[in-house]
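The values are calculated or read from the model by the stated rules, or taken from the named source; none is laboratory data. If you're wondering where the values come from, they're calculated on a predicted model, not measured in any experiment. Heads up, the Cβs are rebuilt from the backbone with ideal geometry, glycines too, and the neighbour counts pull from every protein chain shown. Surface areas here come from the heavy atoms of the whole protein model, side chains and all, with no ligands, DNA or RNA. Shrake-Rupley method; radii C 1.70, N 1.55, O 1.52, S 1.80 Å.
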Amino acid sequence: MPPNLRIALRFLTARKRSMLMSLAGIVFGVGFFIVTQAQTSGFEDFFIRTILGTNGALRVEYHIQATADPDAPAAAPGTKESSDGDIENPELVAAAVRQFRNVSGVSLILQAGVNLVGSAYASPARVYGVNLDDHLAVTDLARQILRGDLEEYRRTPNGALLGSALATWLHLGTGDTFTIETRGQTRRYRVCAIYETGIHDIDKERVYLHLAEARSLLQQPGAASYIQVALFDPARAPEDARQLQAVISHTVTSWQQREKSWLEVFRVLRLSSAITVSTIILVAGLGMFNTLALLVMEKTKEIAILRSMGYTRNDIAQIFLWQGALVFAAGATFGALFGAGATWAVSRLPIHIRGIFSTDSFVVTWSPWHYGAAVTVAAVVVLFASYLPARRAARLEPGDIVRGTAQ
Amino acid sequence: MHVLRGVSFAAERGRVYAIVGPSGCGKSTLLYQLGLLDQPDDGQVWINGGLMSVADDGRRTAARCRHVGFVFQFHFLLLEFTALENVMLPMRKLARLTPPAMEERALGLLAVVGLGDKARRAAAHLSGGEQQRVAVARALANEPTAILADEPTGNLDARNSGLVFDLLTSLARQNGQTVVLVTHNPEMAARCDDVRPMRDGQFVR
């Protein structure tokens with residue numbers, strides 16, 4: 001063991017109580033940092049998964065036309081949107097989108113507002129006409145089925161998939177029938193399955209029909225309101241959206257752009273919790289600074305004798321930095337273990353959330369970045385807490401101390 | 001203000017020197033200049049042929065490690081360590097020996113100062129006389145050229161004073177080392193090879 005480390009270890013263990021207090025602060029600070037980051041990131045990731053599994057990574061909408069009016073409110077300078085809001089030649093556009101390397105699935109969607117009438121109640125709703133297999137490739141619909149059978153829906157031309165909140169509101173179960181009234185027509189459909197995305201706004205209004213049936217019902221043959229796109233790497237969505245928009249001349253919106261407000265909320269939440277919890281580490285660091293500063297004052301004679309026997313200023317500084325490093329190493333290790341345990345325990349806590357997503361327990365994310373960030377914050381605080389006393393110790397003049405004139 | 005003025009002092013191996021004089025006459029200041037704990041504003045300090053008075057802090061520290069052993073009025077032991085570990089501290093810094101050889105030498109020195117059976121006892125649990133004897137063993141650890149002692153028996157009773165003084169002088173003579181002793185004790189000074197009285201920062205003889 002290097003002599004400086006050996007001395008540091010002895011000095012450290014000589015002040016067990018105050019060093020243990022500092023250590024406990026670092027352990028709790030690191031642990032709480034990890035667990036709060038795991039929670040906020042967990043809910044954020046879960047929200048993103050829900051969004052991607054429901055509305056896809058990209059949405060291709062309006063056709064963009066070149067214009068001479070630079071002030072026109074449009075998706076890009078020098079362009080404007082087509083007036084009808086639907087995609088022109090949707091099958092061709094979808095085929096072009098499929099050519100992009102990062103695209104893993106494409107689904108044409110025709111949507112419109114309708115009136116939905118059950119046996120006892122009626123409700124406004126939105127019809128979503130989709131090709132089932134295409135839509136399964138761009139969403140988590142298969143996993144979102146609460147009751148019923150997708151295969152039955154596939155086999156039933158007038159089959160429908162109802163959101164759970166809408167089904168509850170209308171008192172409809174699988175096998176029940178309802179009618180849709182729109183554009184002077186009334187058609188009857190059968191509930192083949194009930195799904196729940198967890199996003200209340202979707203679950204209370206969305207009815208999936210077969211695309212051909214929806215086109216017939218809405219009297220829009222060959223039409224699509226927009227194209228939903230899934231990506232192999234959703235993180236690249238903004239870049240892909242820009243490229244797609246340039247190539248296919250349609251407005252393409254990434255999920256990051258669509259959900260900007262919520263993502264910002266999560267980001268602020270994560271940052272504020274990190275700052276709040278970092279104060280625990282900061283307070284522990286102040287305690288440690290206090291302890292080490294006192295130790296320097298108490299050990300001036302020992303510092304002088306070490307200097308007199310040939311220990312350099314660097315050696316003296318190292319003795320105090322080692323103490324910080326030892327407390328940091330123990331604090332980071334036990335803090336990470338405590339954080340991991342607390343994260344696991346929190347993930348078992350029941351909580352009922354419905355609204356922006358659906359969960360019955362706390363959602364956590366296990367990420368090495370959380371541990372890295374917590375350890376980095378602790379390292380910076382401990383470094384400062386031990387650097388200043390170490391520098392003071394290194395500057396002490398042994399002659400002054402031995403003469404008893406050290407300030 | 002000049003603390004030392006016109007002081008010239010040379011020490012030979014194997015001899016014991018006493019610097020005596022009233023309090024505040026500059027005895028300790030001279031000792032710390034010789035031991036490279038202080039840097040002179042003017043004048044020169046040579047150790048083993050090396051000019052140390054103009055050397056940087058690193059060279060002066062290295063020279064202290066290799067050439068100088070200090071014994072102070074207060075033992076300045078590291079109380080968290082055992083007697084053995086205290087004696088090994090300078091050796092660990094110099095790193096000239098292997099750890100087993102360091103331990104062997106430290107045990108030998110503690111045996112010489114009569115503490116062989118208390119080598120593994122915490123320094124805090126030794127008596128004042130024993131602590132000062134450990135300090136003597138520590139000063140000898142790296143086989144320094146010079147042992148500089150500032151009132152080394154000032155805090156000890158007569159019996160322990162004699163013991164520590166005899167140890168210092170006999171070991172230094174045996175090993176061909178120089179001992180420079182600052183003392184107020186005239187009996188102790190009288191037993192040294194050379195006595196240099198000081199007054200107002202100057203040698204008076």
Counting only residues that are aliphatic (A, V, I, L, M) and over 24 Å from B:PHE165 (Cβ atoms), give me the helices (runs of 4 or more DSSP H) lying completely in the stretch B:24-120 with at least 2 of them. B:57-67, B:83-94, B:99-112
Checking A:ILE248 against (1) at pLDDT 90 or above; (2) surrounded by 14 or more Cβ atoms within 10 Å (Cβ to Cβ), the condition it does not meet: (1)
Being basic (Lys, Arg) and open to solvent by 60 Å² or more (accessible area, probe 1.4 Å) is the filter; apply it to the stretch B:1-41 and report the residue that is farthest from the other protein chains (Cβ to nearest Cβ). B:ARG15
Can you name the residue in the stretch A:291-317 that is polar (S, T, N, Q) and in contact (Cβ under 8 Å) with a residue 24 or more places away in the chain and is also farthest from the other protein chains (Cβ to nearest Cβ) among such residues? A:THR291
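Quick grid of which residues meet (1) in contact (Cβ under 8 Å) with a residue 40 or more places away in the chain; (2) open to solvent by 10 Å² or more (accessible area, probe 1.4 Å); (3) within 14 Å of chain A (Cβ to nearest Cβ); (4) not aliphatic (A, V, I, L, M):
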residue	(1), (2), (3), (4)
B:LEU126	yes, yes, no, no
B:GLN132	yes, no, yes, yes
B:LEU140	yes, no, yes, no
B:ARG159	no, yes, no, yes
Checking the condition open to solvent by 40 Å² or more (accessible area, probe 1.4 Å), outside the structural domain of A:ARG354 (by TED's automatic domain parsing) and either touching a residue at least 60 places away in the same chain (Cβ under 8 Å) or among the small types (Gly, Ala, Ser) (or both), which residue from A:ALA193, A:ALA167, A:ALA235, A:ALA223 passes? A:ALA235
Surrounded by 20 or more Cβ atoms within 10 Å (Cβ to Cβ) and out of contact with any Pro (no Cβ under 9 Å at 6 or more places or on another chain) - does that describe any residue in the stretch B:179-187? yes
Given the residues A:SER123, A:SER41, A:SER104, which is the only one that is at pLDDT 85 or above, under 22 Å from A:GLN256 (Cβ atoms) and not assigned by TED's automatic domain parsing to the domain that holds A:THR333? A:SER104
Please give the number of the condition B:GLN174 fails out of (1) within 16 Å of the chain's Cα centre (by Cα); (2) crowded, with 20+ Cβ neighbours inside 10 Å. (2)
I need the full set of residues from the stretch A:147-169 which are of a type outside the set (A, V, I, L, M, F, W, C) and not in a loop (DSSP other than H, G, I, E, B), in order please. A:ARG147, A:GLY148, A:GLU151, A:GLU152, A:TYR153, A:ARG154, A:ARG155, A:GLY159, A:GLY163, A:SER164, A:THR168
State whether the residues of the stretch A:136-146 include one that is open to solvent by less than 40 Å² (accessible area, probe 1.4 Å), part of a strand (DSSP E or B) and either of a type in the set (Phe, Trp, Tyr) or on the phi > 0 side of the Ramachandran plot (or both). no
Might you let me know whether the stretch B:49-72 holds any residue that is within 7 Å of chain A (Cβ to nearest Cβ) and more than 14 Å from A:GLY310 (Cα to Cα)? yes
Taking the residues in the stretch B:73-114 that are β-branched (Val, Ile, Thr) and touching a helix residue (DSSP H, G or I) at 6+ places or on another chain (Cβ under 6 Å) as candidates, determine which candidate is nearest to the other protein chains (Cβ to nearest Cβ). B:VAL87
Could you please find all residues in the stretch A:318-356 being in contact with a His (Cβ under 8 Å, 6 or more places away or on another chain) and either within 14 Å of chain B (Cβ to nearest Cβ) or crowded, with 22+ Cβ neighbours inside 10 Å (or both)? A:GLY339
